[in-house]
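To start, the structure itself, in C-alpha coordinates.
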2 protein chains.
Amino acid sequence: MPFIEEVLGHWPEALEEILALPVRWNPERFAFWLRQDLPFVEALYRYQVELLREAPQAHRAPLLHALVATVEELDWLLAQGADPQGEVHPVRREYIALLEEMALLPYPYRLVLFYFMNRLFLEAWSAHVAEGGPWQELSEHWSAPEFQAVLFDLEVMAQGLASGLDPGLLRDYLGRILEMEKRTWSLLL
Amino acid sequence: MPFIEEVLGHWPEALEEILALPVRWNPERFAFWLRQDLPFVEALYRYQVELLREAPQAHRAPLLHALVATVEELDWLLAQGADPQGEVHPVRREYIALLEEMALLPYPYRLVLFYFMNRLFLEAWSAHVAEGGPWQELSEHWSAPEFQAVLFDLEVMAQGLASGLDPGLLRDYLGRILEMEKRTWSLLL
(Lines give C-alpha, C1' and ligand atoms only; values in the text may rest on other atoms or scores of the structure.)
Protein backbone atom coordinates (compact mmCIF):
# COMPACT_ATOMS: atom_id res chain seq x y z
CA MET A 1 0.00 0.00 0.00
CA PRO A 2 2.32 2.77 -1.26
CA PHE A 3 -0.10 5.68 -0.67
CA ILE A 4 -0.77 5.10 2.99
CA GLU A 5 2.89 4.43 3.75
CA GLU A 6 3.88 7.57 1.84
CA VAL A 7 1.39 9.83 3.55
CA LEU A 8 2.34 8.57 6.93
CA GLY A 9 6.05 8.94 6.38
CA HIS A 10 6.87 9.63 10.02
CA TRP A 11 5.04 6.52 11.21
CA PRO A 12 8.10 4.23 11.47
CA GLU A 13 10.04 6.67 13.62
CA ALA A 14 7.27 7.45 16.10
CA LEU A 15 6.33 3.78 16.22
CA GLU A 16 9.95 2.81 16.92
CA GLU A 17 9.89 5.18 19.87
CA ILE A 18 6.86 3.38 21.30
CA LEU A 19 8.30 -0.07 20.64
CA ALA A 20 11.57 0.94 22.31
CA LEU A 21 9.96 2.21 25.54
CA PRO A 22 11.73 0.47 28.43
CA VAL A 23 8.51 -0.87 29.95
CA ARG A 24 9.11 -2.49 33.34
CA TRP A 25 7.47 -5.86 33.03
CA ASN A 26 5.39 -6.78 36.03
CA PRO A 27 2.34 -9.00 35.52
CA GLU A 28 0.25 -7.48 38.32
CA ARG A 29 0.95 -3.92 37.28
CA PHE A 30 0.23 -4.82 33.70
CA ALA A 31 -3.10 -6.48 34.62
CA PHE A 32 -4.06 -3.31 36.53
CA TRP A 33 -3.09 -1.12 33.56
CA LEU A 34 -5.16 -3.34 31.30
CA ARG A 35 -8.26 -3.17 33.52
CA GLN A 36 -7.87 0.60 33.55
CA ASP A 37 -8.33 0.47 29.80
CA LEU A 38 -12.08 -0.30 30.13
CA PRO A 39 -13.37 3.26 29.53
CA PHE A 40 -11.16 3.63 26.46
CA VAL A 41 -12.40 0.34 24.98
CA GLU A 42 -15.95 1.48 25.76
CA ALA A 43 -15.24 4.70 23.81
CA LEU A 44 -13.81 2.61 20.99
CA TYR A 45 -17.09 0.63 20.96
CA ARG A 46 -19.02 3.87 20.43
CA TYR A 47 -16.57 4.98 17.73
CA GLN A 48 -17.11 1.70 15.88
CA VAL A 49 -20.92 1.89 16.14
CA GLU A 50 -20.73 5.36 14.58
CA LEU A 51 -18.66 3.87 11.74
CA LEU A 52 -21.39 1.27 11.14
CA ARG A 53 -24.02 3.99 10.77
CA GLU A 54 -22.40 5.29 7.59
CA ALA A 55 -20.53 2.25 6.32
CA PRO A 56 -21.30 1.16 2.76
CA GLN A 57 -22.50 -2.44 2.44
CA ALA A 58 -19.04 -3.76 1.47
CA HIS A 59 -17.53 -2.42 4.71
CA ARG A 60 -20.19 -3.64 7.10
CA ALA A 61 -19.23 -7.28 7.62
CA PRO A 62 -15.56 -6.56 8.47
CA LEU A 63 -16.58 -3.69 10.75
CA LEU A 64 -19.07 -5.96 12.51
CA HIS A 65 -16.39 -8.58 13.08
CA ALA A 66 -14.08 -5.91 14.49
CA LEU A 67 -16.89 -4.80 16.79
CA VAL A 68 -17.49 -8.36 17.99
CA ALA A 69 -13.81 -8.42 18.99
CA THR A 70 -14.25 -5.16 20.93
CA VAL A 71 -17.32 -6.49 22.76
CA GLU A 72 -15.41 -9.65 23.67
CA GLU A 73 -12.55 -7.52 24.96
CA LEU A 74 -15.01 -5.59 27.15
CA ASP A 75 -16.38 -8.90 28.47
CA TRP A 76 -12.85 -10.01 29.25
CA LEU A 77 -11.97 -6.77 31.05
CA LEU A 78 -15.16 -6.95 33.13
CA ALA A 79 -14.48 -10.60 33.96
CA GLN A 80 -11.03 -9.52 35.19
CA GLY A 81 -12.65 -7.06 37.58
CA ALA A 82 -12.44 -3.81 35.63
CA ASP A 83 -14.78 -1.26 37.24
CA PRO A 84 -17.18 0.56 34.88
CA GLN A 85 -17.72 3.18 37.60
CA GLY A 86 -14.02 3.56 38.42
CA GLU A 87 -12.18 6.85 38.09
CA VAL A 88 -10.68 7.34 34.64
CA HIS A 89 -6.95 8.04 34.45
CA PRO A 90 -6.22 11.46 32.88
CA VAL A 91 -4.17 9.89 30.06
CA ARG A 92 -7.03 7.56 29.13
CA ARG A 93 -9.45 10.49 29.42
CA GLU A 94 -7.38 12.46 26.94
CA TYR A 95 -7.25 9.54 24.52
CA ILE A 96 -11.05 9.18 24.80
CA ALA A 97 -11.43 12.90 24.03
CA LEU A 98 -9.27 12.40 20.91
CA LEU A 99 -11.52 9.51 19.81
CA GLU A 100 -14.60 11.67 20.32
CA GLU A 101 -13.02 14.44 18.27
CA MET A 102 -12.15 11.98 15.51
CA ALA A 103 -15.75 10.72 15.51
CA LEU A 104 -16.74 14.10 14.04
CA LEU A 105 -14.57 13.60 10.93
CA PRO A 106 -16.08 12.37 7.66
CA TYR A 107 -16.43 8.59 7.38
CA PRO A 108 -13.34 7.91 5.20
CA TYR A 109 -11.01 9.61 7.71
CA ARG A 110 -12.60 7.76 10.62
CA LEU A 111 -12.21 4.43 8.84
CA VAL A 112 -8.56 5.00 7.89
CA LEU A 113 -7.71 6.17 11.42
CA PHE A 114 -9.52 3.17 12.91
CA TYR A 115 -7.33 0.89 10.82
CA PHE A 116 -4.21 2.67 12.07
CA MET A 117 -5.27 2.48 15.70
CA ASN A 118 -5.68 -1.28 15.39
CA ARG A 119 -2.41 -1.84 13.59
CA LEU A 120 -0.48 0.43 15.91
CA PHE A 121 -1.91 -1.04 19.08
CA LEU A 122 -1.18 -4.59 17.96
CA GLU A 123 2.43 -3.75 17.05
CA ALA A 124 2.97 -2.17 20.46
CA TRP A 125 1.25 -5.09 22.20
CA SER A 126 3.48 -7.63 20.47
CA ALA A 127 6.58 -5.65 21.41
CA HIS A 128 5.73 -5.16 25.08
CA VAL A 129 3.54 -7.95 26.35
CA ALA A 130 5.13 -11.11 27.68
CA GLU A 131 3.56 -14.47 26.92
CA GLY A 132 1.46 -16.21 29.55
CA GLY A 133 -0.60 -14.46 32.20
CA PRO A 134 -4.36 -14.02 32.27
CA TRP A 135 -4.22 -11.78 29.15
CA GLN A 136 -2.97 -14.73 27.10
CA GLU A 137 -6.58 -15.08 25.90
CA LEU A 138 -6.53 -11.57 24.48
CA SER A 139 -3.23 -12.19 22.75
CA GLU A 140 -4.53 -15.39 21.19
CA HIS A 141 -7.65 -13.57 20.11
CA TRP A 142 -5.68 -10.96 18.21
CA SER A 143 -3.30 -13.42 16.62
CA ALA A 144 -6.12 -15.75 15.54
CA PRO A 145 -6.61 -16.08 11.76
CA GLU A 146 -10.14 -14.59 12.05
CA PHE A 147 -8.86 -11.36 13.54
CA GLN A 148 -5.92 -11.20 11.15
CA ALA A 149 -8.46 -11.48 8.33
CA VAL A 150 -10.43 -8.56 9.79
CA LEU A 151 -7.24 -6.47 9.96
CA PHE A 152 -6.43 -7.34 6.38
CA ASP A 153 -9.95 -6.31 5.30
CA LEU A 154 -9.61 -3.03 7.19
CA GLU A 155 -6.29 -2.40 5.46
CA VAL A 156 -7.83 -2.95 2.03
CA MET A 157 -10.80 -0.73 2.90
CA ALA A 158 -8.51 2.00 4.24
CA GLN A 159 -6.31 1.84 1.16
CA GLY A 160 -9.40 2.13 -1.06
CA LEU A 161 -10.42 5.38 0.64
CA ALA A 162 -7.08 6.95 1.45
CA SER A 163 -6.24 8.46 -1.93
CA GLY A 164 -9.20 10.86 -1.73
CA LEU A 165 -8.15 12.26 1.63
CA ASP A 166 -6.09 15.24 2.76
CA PRO A 167 -2.69 13.77 3.69
CA GLY A 168 -1.93 16.62 6.08
CA LEU A 169 -5.09 16.09 8.10
CA LEU A 170 -4.51 12.33 8.25
CA ARG A 171 -0.91 12.87 9.33
CA ASP A 172 -1.94 15.28 12.08
CA TYR A 173 -4.39 12.82 13.58
CA LEU A 174 -1.99 9.94 13.18
CA GLY A 175 0.61 11.96 15.05
CA ARG A 176 -1.83 12.58 17.87
CA ILE A 177 -2.78 8.89 18.05
CA LEU A 178 0.90 7.92 18.20
CA GLU A 179 1.43 10.45 20.97
CA MET A 180 -1.49 9.05 22.98
CA GLU A 181 -0.28 5.48 22.47
CA LYS A 182 3.15 6.53 23.67
CA ARG A 183 1.74 8.18 26.76
CA THR A 184 -0.51 5.20 27.47
CA TRP A 185 2.34 2.70 27.28
CA SER A 186 4.52 5.09 29.28
CA LEU A 187 2.22 4.53 32.25
CA LEU A 188 4.12 1.24 32.53
CA LEU A 189 7.60 2.80 32.71
CA MET B 1 -42.76 -15.65 29.18
CA PRO B 2 -46.20 -14.96 30.64
CA PHE B 3 -45.86 -11.17 30.67
CA ILE B 4 -45.16 -10.66 27.02
CA GLU B 5 -47.85 -13.10 25.95
CA GLU B 6 -50.33 -11.44 28.28
CA VAL B 7 -49.63 -7.91 27.16
CA LEU B 8 -49.88 -8.88 23.56
CA GLY B 9 -53.16 -10.73 23.92
CA HIS B 10 -54.37 -10.05 20.41
CA TRP B 11 -51.18 -11.36 18.87
CA PRO B 12 -52.45 -14.88 18.08
CA GLU B 13 -55.52 -13.65 16.26
CA ALA B 14 -53.78 -11.08 14.10
CA LEU B 15 -50.96 -13.51 13.43
CA GLU B 16 -53.44 -16.21 12.39
CA GLU B 17 -54.85 -13.78 9.86
CA ILE B 18 -51.44 -13.33 8.32
CA LEU B 19 -50.67 -17.04 8.33
CA ALA B 20 -54.02 -17.75 6.68
CA LEU B 21 -53.56 -15.30 3.79
CA PRO B 22 -54.16 -17.24 0.57
CA VAL B 23 -50.85 -16.28 -0.98
CA ARG B 24 -50.61 -17.38 -4.61
CA TRP B 25 -47.37 -19.26 -4.78
CA ASN B 26 -45.29 -18.36 -7.79
CA PRO B 27 -41.50 -18.57 -7.49
CA GLU B 28 -40.73 -15.72 -9.89
CA ARG B 29 -43.25 -13.36 -8.34
CA PHE B 30 -41.96 -14.28 -4.90
CA ALA B 31 -38.33 -13.63 -5.91
CA PHE B 32 -39.39 -10.21 -7.24
CA TRP B 33 -41.27 -9.45 -4.00
CA LEU B 34 -38.20 -10.48 -2.01
CA ARG B 35 -35.83 -8.26 -4.02
CA GLN B 36 -38.25 -5.39 -3.46
CA ASP B 37 -37.61 -5.86 0.25
CA LEU B 38 -34.10 -4.34 -0.02
CA PRO B 39 -34.99 -0.81 1.21
CA PHE B 40 -36.86 -2.25 4.19
CA VAL B 41 -33.92 -4.47 5.18
CA GLU B 42 -31.65 -1.44 4.78
CA ALA B 43 -33.93 0.47 7.19
CA LEU B 44 -33.81 -2.49 9.56
CA TYR B 45 -30.00 -2.29 9.42
CA ARG B 46 -30.17 1.35 10.58
CA TYR B 47 -32.68 0.44 13.29
CA GLN B 48 -30.32 -2.24 14.60
CA VAL B 49 -27.29 0.07 14.56
CA GLU B 50 -29.28 2.56 16.66
CA LEU B 51 -30.03 -0.27 19.11
CA LEU B 52 -26.29 -0.97 19.41
CA ARG B 53 -25.60 2.65 20.36
CA GLU B 54 -27.52 2.28 23.61
CA ALA B 55 -27.31 -1.43 24.29
CA PRO B 56 -25.87 -2.47 27.66
CA GLN B 57 -22.87 -4.80 27.43
CA ALA B 58 -24.96 -7.96 28.01
CA HIS B 59 -27.12 -7.17 24.95
CA ARG B 60 -24.36 -6.31 22.55
CA ALA B 61 -23.14 -9.73 21.38
CA PRO B 62 -26.63 -11.04 20.49
CA LEU B 63 -27.50 -7.75 18.75
CA LEU B 64 -24.26 -7.93 16.77
CA HIS B 65 -25.05 -11.46 15.65
CA ALA B 66 -28.52 -10.36 14.58
CA LEU B 67 -26.92 -7.50 12.64
CA VAL B 68 -24.50 -9.88 10.90
CA ALA B 69 -27.58 -11.81 9.72
CA THR B 70 -29.12 -8.59 8.36
CA VAL B 71 -25.93 -7.67 6.49
CA GLU B 72 -25.80 -11.17 4.98
CA GLU B 73 -29.42 -10.81 3.92
CA LEU B 74 -28.56 -7.51 2.20
CA ASP B 75 -25.65 -9.23 0.42
CA TRP B 76 -27.99 -11.97 -0.70
CA LEU B 77 -30.63 -9.53 -1.99
CA LEU B 78 -27.99 -7.57 -3.91
CA ALA B 79 -26.56 -10.78 -5.37
CA GLN B 80 -30.09 -11.62 -6.56
CA GLY B 81 -30.23 -8.34 -8.46
CA ALA B 82 -32.11 -6.11 -6.00
CA ASP B 83 -31.66 -2.48 -7.05
CA PRO B 84 -30.60 -0.04 -4.31
CA GLN B 85 -31.72 2.84 -6.55
CA GLY B 86 -35.03 1.24 -7.48
CA GLU B 87 -38.38 2.85 -6.71
CA VAL B 88 -39.73 1.86 -3.31
CA HIS B 89 -43.22 0.31 -3.21
CA PRO B 90 -45.65 2.45 -1.13
CA VAL B 91 -46.33 -0.43 1.30
CA ARG B 92 -42.61 -0.89 1.98
CA ARG B 93 -42.25 2.87 2.29
CA GLU B 94 -44.93 2.93 4.95
CA TYR B 95 -43.30 0.08 6.86
CA ILE B 96 -39.96 1.94 6.72
CA ALA B 97 -41.68 5.06 8.11
CA LEU B 98 -43.02 2.95 10.99
CA LEU B 99 -39.50 1.66 11.71
CA GLU B 100 -38.19 5.22 11.71
CA GLU B 101 -40.93 6.27 14.11
CA MET B 102 -40.14 3.32 16.38
CA ALA B 103 -36.45 4.29 16.35
CA LEU B 104 -37.43 7.37 18.40
CA LEU B 105 -38.81 5.25 21.28
CA PRO B 106 -36.69 4.56 24.38
CA TYR B 107 -34.29 1.62 24.07
CA PRO B 108 -36.37 -1.00 25.94
CA TYR B 109 -39.38 -0.51 23.62
CA ARG B 110 -37.18 -0.67 20.56
CA LEU B 111 -35.56 -3.88 21.74
CA VAL B 112 -38.86 -5.61 22.57
CA LEU B 113 -40.39 -4.55 19.24
CA PHE B 114 -37.29 -5.74 17.38
CA TYR B 115 -37.73 -9.16 18.96
CA PHE B 116 -41.38 -9.24 17.87
CA MET B 117 -40.58 -8.21 14.31
CA ASN B 118 -38.12 -11.10 14.04
CA ARG B 119 -40.44 -13.65 15.54
CA LEU B 120 -43.43 -12.51 13.53
CA PHE B 121 -41.58 -12.40 10.23
CA LEU B 122 -40.17 -15.89 10.73
CA GLU B 123 -43.58 -17.35 11.57
CA ALA B 124 -45.07 -15.81 8.45
CA TRP B 125 -42.10 -16.93 6.35
CA SER B 126 -42.44 -20.54 7.52
CA ALA B 127 -46.17 -20.48 6.76
CA HIS B 128 -45.91 -19.03 3.27
CA VAL B 129 -42.61 -19.87 1.67
CA ALA B 130 -42.22 -23.11 -0.25
CA GLU B 131 -39.03 -25.10 0.05
CA GLY B 132 -36.44 -24.95 -2.72
CA GLY B 133 -35.84 -21.93 -4.93
CA PRO B 134 -32.98 -19.45 -4.73
CA TRP B 135 -34.19 -18.22 -1.30
CA GLN B 136 -33.48 -21.66 0.18
CA GLU B 137 -30.23 -20.15 1.47
CA LEU B 138 -32.16 -17.53 3.43
CA SER B 139 -34.47 -20.16 4.89
CA GLU B 140 -31.54 -22.30 5.97
CA HIS B 141 -29.90 -19.26 7.47
CA TRP B 142 -32.89 -18.53 9.68
CA SER B 143 -33.42 -22.11 10.73
CA ALA B 144 -29.72 -22.61 11.55
CA PRO B 145 -28.96 -23.22 15.24
CA GLU B 146 -26.86 -20.00 15.37
CA PHE B 147 -29.78 -17.83 14.36
CA GLN B 148 -32.19 -19.72 16.60
CA ALA B 149 -29.79 -18.99 19.46
CA VAL B 150 -29.85 -15.28 18.58
CA LEU B 151 -33.66 -15.32 18.61
CA PHE B 152 -33.67 -17.06 21.95
CA ASP B 153 -31.27 -14.44 23.36
CA LEU B 154 -33.47 -11.65 22.01
CA GLU B 155 -36.49 -13.27 23.66
CA VAL B 156 -34.74 -13.43 27.03
CA MET B 157 -33.55 -9.82 26.67
CA ALA B 158 -37.04 -8.65 25.68
CA GLN B 159 -38.62 -10.50 28.58
CA GLY B 160 -36.11 -8.91 30.96
CA LEU B 161 -37.16 -5.43 29.87
CA ALA B 162 -40.86 -5.88 29.16
CA SER B 163 -42.22 -5.66 32.69
CA GLY B 164 -41.10 -2.04 33.05
CA LEU B 165 -42.94 -0.93 29.92
CA ASP B 166 -46.35 0.53 29.17
CA PRO B 167 -48.43 -2.40 27.85
CA GLY B 168 -50.76 -0.11 25.92
CA LEU B 169 -47.93 1.53 24.00
CA LEU B 170 -46.33 -1.83 23.21
CA ARG B 171 -49.67 -3.21 22.07
CA ASP B 172 -50.28 -0.23 19.77
CA TYR B 173 -46.95 -0.63 18.03
CA LEU B 174 -47.33 -4.38 17.83
CA GLY B 175 -50.72 -3.87 16.18
CA ARG B 176 -49.16 -1.54 13.63
CA ILE B 177 -46.33 -4.01 12.91
CA LEU B 178 -48.84 -6.81 12.42
CA GLU B 179 -50.84 -4.58 10.07
CA MET B 180 -47.74 -3.78 8.01
CA GLU B 181 -46.73 -7.45 7.85
CA LYS B 182 -50.21 -8.31 6.67
CA ARG B 183 -50.11 -5.64 3.98
CA THR B 184 -46.62 -6.72 2.90
CA TRP B 185 -47.59 -10.38 2.54
CA SER B 186 -50.82 -9.32 0.87
CA LEU B 187 -48.77 -8.00 -2.06
CA LEU B 188 -48.51 -11.69 -2.97
CA LEU B 189 -52.26 -12.34 -3.06
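The values are calculated or read from the model by the stated rules, or taken from the named source; none is laboratory data. Quantities reported herein were computed from a predicted structural model and do not represent experimental measurements. Here Cβ is always computed from backbone atoms with ideal geometry, including for glycine, and neighbour counts include all displayed protein chains. The area values use the complete protein model at the heavy-atom level, side chains included, leaving out ligands, DNA and RNA. Shrake-Rupley method; radii C 1.70, N 1.55, O 1.52, S 1.80 Å.
Computed over protein heavy atoms with a 1.4 angstrom probe, the accessible surface ordering of A:Ile96, B:Ile18, largest first, is A:Ile96, B:Ile18. Please work out the Cα center distance from the stretch B:77-99 to the stretch A:36-109, rounded to the nearest Å. After rounding, the separation between the Cα centres reads 32 Å.
Our note on the geometry: Cα centres of the stretch B:147-175 and the stretch A:113-189, 38 Å apart.
Tell me, what is the FRET efficiency for B:Arg176 and A:Glu54 to the nearest 0.05, using R0 = 22 angstrom and their Cβ-Cβ distance as r? Between B:Arg176 and A:Glu54 the formula returns 0.20. Dipole check for chain A: with +1 at the C-beta of Lys and Arg, -1 at the C-beta of Asp and Glu, and the Cα centre as origin, the magnitude is about 260 Debye.
When accessible surface is computed with a 1.4 Å probe, chains B and A are found to bury approximately 1600 Å² between them, both chains counted.
For chain B, the longest principal axis of the C-alpha atoms and the axis of helix B:90-102 are separated by about 20°.
Rounded to two decimals, what is the ratio between the C-alpha radius of gyration of chain B and 2.2 N^0.38 Å?
Values: Rg = 16.0 Å, N = 189, 2.2 N^0.38 = 16.1 Å.
Taking the Cα Rg and dividing by 2.2 N^0.38 Å, one obtains 0.99.
Pairing the Cα long axis of helix A:38-54 with the longest principal axis of chain A, what angle in degrees results, from 0 to 90 and rounded to the nearest 10? Helix A:38-54 sits at roughly 20 degrees to that axis. Spacing of the modelled spin labels on B:Glu137 and B:Ser186, each 7 Å from Cα toward Cβ, amounts to 3.2 nm.
Divided by 2.2 N^0.38 Å, where N counts the residues, the Cα radius of gyration of the stretch A:89-189 comes to 1.16.
Hey, what did chain A get for relative contact order, percent, Cα under 8 Å, at least 6 apart?
Numbers: 152 pairs, mean separation 80.7, N = 189.
Relative contact order, chain A: 43 percent.
Could you give the size of the charge dipole of the protein assembly as shown about its Cα centre, using +1 on the Cβ of each K and R and -1 on the Cβ of each D and E, expressed in debye and rounded to the nearest 20?
Numbers: 28 positive and 58 negative charges, 104 e Å.
Computed about the Cα centre, the dipole is about 500 debye.
Candidates A:Leu178, B:Asn118, B:Ala66 compared by Cα position along the dipole of the protein assembly as shown: farthest toward the positive end lies A:Leu178, with charges placed on Cβ.
In this label model, A:Glu87 and B:Ala103 are separated by 4.1 nm, measuring between points 7 Å along each Cα→Cβ vector. Here the Karplus curve 6.51 cos²θ - 1.76 cosθ + 1.60, taken at θ = phi - 60°, turns the phi angles of the stretch A:69-82 into couplings of 4, 5, 5, 5, 5, 4, 4, 4, 4, 5, 5, 7, x, 4 Hz, with x standing for Gly and Pro. Nonpolar atom fraction for chain A, defined as the carbon and sulfur part of the 1.4 Å probe accessible area, stands at 55 percent. Shape class for the stretch A:136-189, computed from the alpha carbon gyration tensor (a ≥ b ≥ c): oblate, with a/c not under 1.5 and a/b at or below b/c.
Here is the list for the stretch A:18-90: GluC sites (Glu not before Pro) lying in DSSP coil, each with at most 12 other C-beta atoms within 10 angstrom of its C-beta, are A:Glu87. Please determine, in degrees from 0 to 90 and to the nearest 10, the orientation of helix A:167-186 with respect to the longest principal axis defined by the Cα atoms of chain A, where the helix direction is its Cα long axis. With rounding to tens, the tilt is 0 degrees. The fraction of all Cα pairs in the protein assembly as shown landing in successive 20 Å bins from 0 to the largest distance is 25, 51, 23, 2, given as whole percents.
Rolling a 1.4 Å probe across the protein heavy atoms gives the protein assembly as shown an accessible surface of 46 Å² per residue.
Counting only other chain Cβ atoms within 10 Å of each residue's Cβ, the peptide B:36-49 averages 1.
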